[in-house]
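The values are calculated or read from the model by the stated rules, or taken from the named source; none is laboratory data. Please read all numbers here as calculations on a predicted model, not as lab measurements. So basically every Cβ, Gly included, is an ideal-geometry build from the backbone, and we count neighbours across all protein chains shown. Quick note on the areas: whole protein, heavy atoms, side chains included, nothing else; ligands and nucleic acids left out. Shrake-Rupley method; radii C 1.70, N 1.55, O 1.52, S 1.80 Å.
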Amino acid sequence: MKIRLDKIVKTFDTFRAVHGVSLDIGSGELVALLGPSGSGKTTILRMVAGLEYPDEGAIFFGEENATDIEVRHRGVGFVFQHYALFPHMTIGENIAFGMKVSKTRRSAAEIADRVADLLRLVQLDGLKDRFPAQISGGQRQRVALARALAVDPKVLLLDEPFGALDANVRRDLRRWLRKIHEELGITTLFVTHDQAEALDLADRVVILDKGRIVQTGTPEEVCRAPENAFVMNFLGDANRLKATVTAGRASVNEVLFDATGVPDGAAELFFRPADVIWREDGAGIPAVLLRVIDRPDSKRILAVTADGQHVEFDTAPEFPFRPQSRGTLEILRPKVFAAAF
Amino acid sequence: MARRILPGLPLSLGITLVYVAVIVVLPLGALIFKAASLGPADYWTIVSSDRAVASYRVTLLCAAAATAFNLVFGMALAWVIVRYRFPGRRFVDALVDLPFALPTAVAGIALTTLFASNGWFGGALSALGIKVAYTPIGIIIAMAFTSLPFIVRTVQPVLEELDGALEEAAQTLGASDGEIFRRVLLPQLLPAILAGLSLSFARSLGEFGAIIFIAGNQPYETEITALLAFIRLEEYDYPASAAIASIMLLAAFLMLAVTNILQTRALRYTVKG
């Protein structure tokens, strides 16, 4: 099922949560809505589900305008952030709930078979008669997914699906969700504030800031070609140096960088900590080393440029760090954006 | 010995046990002791007399009716107070406790004045041919009035704590509002409802002050068990009074036991392991 959002606007009291968002999601695609808290990502997801209604704009499921269809008739599977399992029902009863309240009559045996199939799919055979309070967080997450899938939804929506789990459980579940998605091919939209999760799991990442889409693309596109300072910063550690652009060239400490397409005037140069080569002498931005932070696979060096701006960069663990030693920073893959005000 | 977080267990346990013994167990023990001074045959004659049995019937039926009324009305009141925001909500919330605060005799006199055939409500109702004061309906109204807060105050906090996402989850799964209420909300409210019901019913069984003014107190018709025990007391027939009271005590114990069993069953899903 294709989904199309057409200039969606949503305001809560006086707070405008979503500003005219348009988005096309292909059938069978796995898309992440990525953004910090308050970026409107959950509100968008809830509008797709029908748990909120947009003030302006329309939502299409395939060719059908679904904007005013009630949530119970919209045919979406929704996995809530804290799972929202029914505490007084067993795992089996939770999964069967959607089938029991459905207008399509199913026999008890049919429902039991489907519950058994779904339990197998989410690898929880044998937990059918437990209550939600008796299983782990990761297991609850999978029950929530099985319950959502039980009603054969046209679209699967997940709100911060791994937010409440330990780091290693989270990584396993991500890979597992990706596998389930490949098996079932159901159009899936999920919300996260964790860029690693979005990049790991999604076919396409939609990055949001203050209720607007700031970039859409494959994980490769958003990582390699961030279109603005927000995306550059949000996707990972980034250094930021003040620069001045004249005629497509950005100058930092009299070192020039390509800045094609950036208007003349104040600008900012961004680069990742891994994209720095330190030299005792040679071309580059002059700097002094201050401090080292040891990490399992690298050393993070804190330095300050000749004009007093702080820079962090990563080196091999063997790096011979001496405080106050002078040298230059050669910057690989620099990105220049006009300064934000 | 393991260190306790709060010191003073022997002292606090001692004080509470002595208190419970002096305030609760001793009077009830005296009651049973007094009733036991009758021989089994005399005891049985007193508690199974026609007048006593009629009073049990009036008390139980009226208490059941008042509790059923409060179940519906109290749930609705709790629902409205928790789920809606309207001007005067806090005032309504505060009013719920009024029957607790008001001396029951005052409530009884006020209700009698309202429902007597020349009162505001009673006048209108008697025009319709309905007589409230000095009938079992009056007893039911007095019982419902004094026990209203129990259902509201037990259901309200549970309703406040319910996770709204559960209702949303049920909606996304296609459930109608009725199904959500029946399958998702009600089972989670059930333990609180049972607790409220048993308290409300117990209070109705024991209510005295509010009822005697409105009931008319006709033996066999509108005489409640508590009043019958009081009448025996007035006649200085202490053993008979104690015998009748012991039946009320037994009824209260039975009901609390049944409620506890039902509550444990309704809460079995919260047990970990």
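Miscellaneous remarks
- Matching residues, segment B:148-177, being closer than 23 Å to A:Thr90 by Cβ, outside any loop (DSSP other than H, G, I, E, B) and at the interface with chain A (Cβ under 10 Å from one of its Cβ atoms): B:Gly164, B:Ala165, B:Leu166, B:Glu167, B:Glu168, B:Ala169, B:Ala170, B:Gln171, B:Thr172
- Taking segment A:79-95 as the range and being within 8 Å of chain B (Cβ to nearest Cβ) and open to solvent by less than 10 Å² (accessible area, probe 1.4 Å) as the test, the residues that pass are A:Ala84, A:Phe86.
- A:His73 satisfies every condition listed in (1) under 21 Å from A:Val151 (Cβ atoms); (2) surrounded by fewer than 18 Cβ atoms within 10 Å (Cβ to Cβ); (3) more than 8 Å from every other protein chain (Cβ to nearest Cβ) except (3).
- For segment B:227-272, the set of residues classified as among the polar types (S, T, N, Q), open to solvent by 40 Å² or more (accessible area, probe 1.4 Å) and in contact (Cβ under 8 Å) with a residue 24 or more places away in the chain consists of B:Gln263 only.
- Within segment B:35-49, the residues that satisfy the criterion of being touching a residue at least 60 places away in the same chain (Cβ under 8 Å) and either part of a loop (DSSP other than H, G, I, E, B) or among the polar types (S, T, N, Q) (or both) are B:Ser37, B:Leu38.
- Counting only strands (runs of 3 or more DSSP E) that sit completely within segment A:1-73, those holding 1 or more residues that are acidic (Asp, Glu) correspond to A:3-12, A:15-25, A:56-61.
- Out of A:Lys7, A:Lys2, sole residue that is exposed (fewer than 15 other Cβ atoms within 10 Å of the Cβ), basic (Lys, Arg) and in contact with a Ser or Thr (Cβ under 7 Å, 6 or more places away or on another chain): A:Lys7
- Residue match in segment B:183-199 (condition: among the aliphatic types (A, V, I, L, M), open to solvent by less than 50 Å² (accessible area, probe 1.4 Å) and not in a helix (DSSP H, G or I)): no
- The criterion of at least 2 residues that are within 21 Å of the chain's Cα centre (by Cα) is met, among helices (runs of 4 or more DSSP H) falling completely within segment B:79-138, by B:89-95, B:98-101, B:104-115.
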